[in-house]
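Report on the following structure.
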Amino acid sequence: MARVLVTGATGFVGSRLAPALEEAGHDVVAMTRHPESYDGAGRAVYGDVADRASLTEPLEDVDVAYYLVHSLDDDDFEDKDAEAARSFSQAAGANGVQQIVYLGGLGNEEKGSLSAHLRSRRQVEKILAKGEVPVTVLRAAIVVGRGGISWEMTRQLVKHLPAMVVPKWAATKTQPIGIDDVVSYLVGVALNEDAMGQVFEIGGPDVLTYAEMLQQAALVMNGRDLPILQVPVLSAGLSSHWMSLVTDVDTTTARNLIDSMGNEVVVEDDAITRVVPLDLASYQESVRRAVEDERQD
């Protein structure tokens, strides 16, 4: 059994990871800015990555620290995320943490410039890796599950629109992965000697364009095709404003995500399959699970 810290414990990934780690036998510490209202797995403690002094108590006697926070809804997210990662890395090193696990983003820098969102994820990786604590990075594309921002954009577009006009990024390839599989990978790398100091790419079994993702989600959700017309010109700014009208995703977050959709995000190295073997869910199965979770709420 290890003592494990989960930052962002109330978030999309953290709220699922904490109970999975507890079920695996670990002693879970859940870091949140509002511990008084936390009702999830583990022991809640106050902590804020923007406040270096607040990180000492959450990291006390911790073996593995999961870093799952970001500031995507902020216009200045790149600088804020970099400074937060720097503070967390220093605090983890000072407290003798054995491993940091970070969930980053897929994208090949050699195939073209990354979006600001993906560039920031990569910068956080590098900052964490410069510290004293070995870092394990899992890079993912779209994570499919109830409450995930990318999935919510997909779900609400399919739900609200009988047809869709999309820009050229709809032809970009991506490799979505279900939230259950992401959590299994995160649990599997904890204190795993083969994972220490390594960067892994994770993705589901299906490589799809964004248009194909929308169409397959429509088949699962509505039992019918979703007519899609691709147009050559539709700026990220216009797309994000349109997205905020059709969905409840705020304009800043939508803009940052849409900017990333021009980058192909597929797995090029499957080393993780030998370190943490899993029977991965298909995209359509992940959609079905997300829809079922939504119905149960």
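Listed here are the residues, each with its yes/no results for (1) crowded, with 24+ Cβ neighbours inside 10 Å; (2) on the phi > 0 side of the Ramachandran plot.
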{"position": "ALA85", "(1), (2)": "yes, no"}
{"position": "PHE88", "(1), (2)": "yes, no"}
{"position": "GLY96", "(1), (2)": "no, yes"}
{"position": "GLU109", "(1), (2)": "no, no"}
State all residues of region 210-244 that are open to solvent by 50 Å² or more (accessible area, probe 1.4 Å), assigned to a helix (DSSP H, G or I) and modelled with pLDDT of 80 or more; if no residue qualifies, say none. GLU212, GLN215, LEU219, ASN222
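Quick one: would you say THR56 is open to solvent by 20 Å² or more (accessible area, probe 1.4 Å) and β-branched (Val, Ile, Thr)?
Yes.
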Take the residues in region 164-182 that are β-branched (Val, Ile, Thr) and over 16 Å from ILE202 (Cβ atoms); name whichever of them is surrounded by the fewest Cβ atoms within 10 Å (Cβ to Cβ). VAL165
Flagged pairs (Cβ under 8 angstrom, 6 or more apart or on separate chains; first in region 276-297, under 30 Å from MET196 (Cβ atoms); second open to solvent by 60 Å² or more (accessible area, probe 1.4 Å) and outside any loop (DSSP other than H, G, I, E, B)) are ALA281/ASP180; ALA281/ARG289; SER286/ASP180
For region 173-195, check the following and say yes or no: at least one residue is in contact with a strand residue (DSSP E or B) (Cβ under 9 Å, 6 or more places away or on another chain) and at pLDDT below 90. no
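Would you pick out the residues in region 82-130 that are outside any strand (DSSP E or B) and within 14 Å of the chain's Cα centre (by Cα)?
LEU106, GLY107, HIS117, LEU118, SER120, ARG121, ARG122, VAL124, GLU125, listed by residue number.
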Might you let me know whether region 141-152 holds any residue that is farther than 23 Å from LEU21 by Cβ, touching a Phe, Trp or Tyr at 6+ places or on another chain (Cβ under 8 Å), crowded, with 23+ Cβ neighbours inside 10 Å and modelled with pLDDT under 95? yes
Filter pass, ARG121 being of a type outside the set (A, V, I, L, M), crowded, with 21+ Cβ neighbours inside 10 Å and modelled with pLDDT of 85 or more: yes
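Among ALA82, ALA30, ALA91, which is the only one that is under 30 Å from LYS173 (Cα atoms) and in contact with a helix residue (DSSP H, G or I) (Cβ under 7 Å, 6 or more places away or on another chain)?
Numbers: ALA30 fails: under 30 Å from LYS173 (Cα atoms); ALA91 fails: under 30 Å from LYS173 (Cα atoms).
Exactly one residue qualifies, and that residue is ALA82.
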Yes or no: region 1-10 includes at least one residue that is surrounded by 23 or more Cβ atoms within 10 Å (Cβ to Cβ) and touching a His at 6+ places or on another chain (Cβ under 6 Å). yes
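Out of the residues in region 11-42 meeting the condition of being closer than 22 Å to ALA290 by Cα and acidic (Asp, Glu), tell me which one is surrounded by the fewest Cβ atoms within 10 Å (Cβ to Cβ).
Ranking the qualifying residues of region 11-42, first place goes to ASP39.
The values are calculated or read from the model by the stated rules, or taken from the named source; none is laboratory data. Small disclaimer: the values here were computed from a predicted structure and weren't measured. Heads up, the Cβs are rebuilt from the backbone with ideal geometry, glycines too, and the neighbour counts pull from every protein chain shown. Side chains included, ligands, DNA and RNA excluded: accessible areas come from the protein's heavy atoms. Shrake-Rupley method; radii C 1.70, N 1.55, O 1.52, S 1.80 Å.
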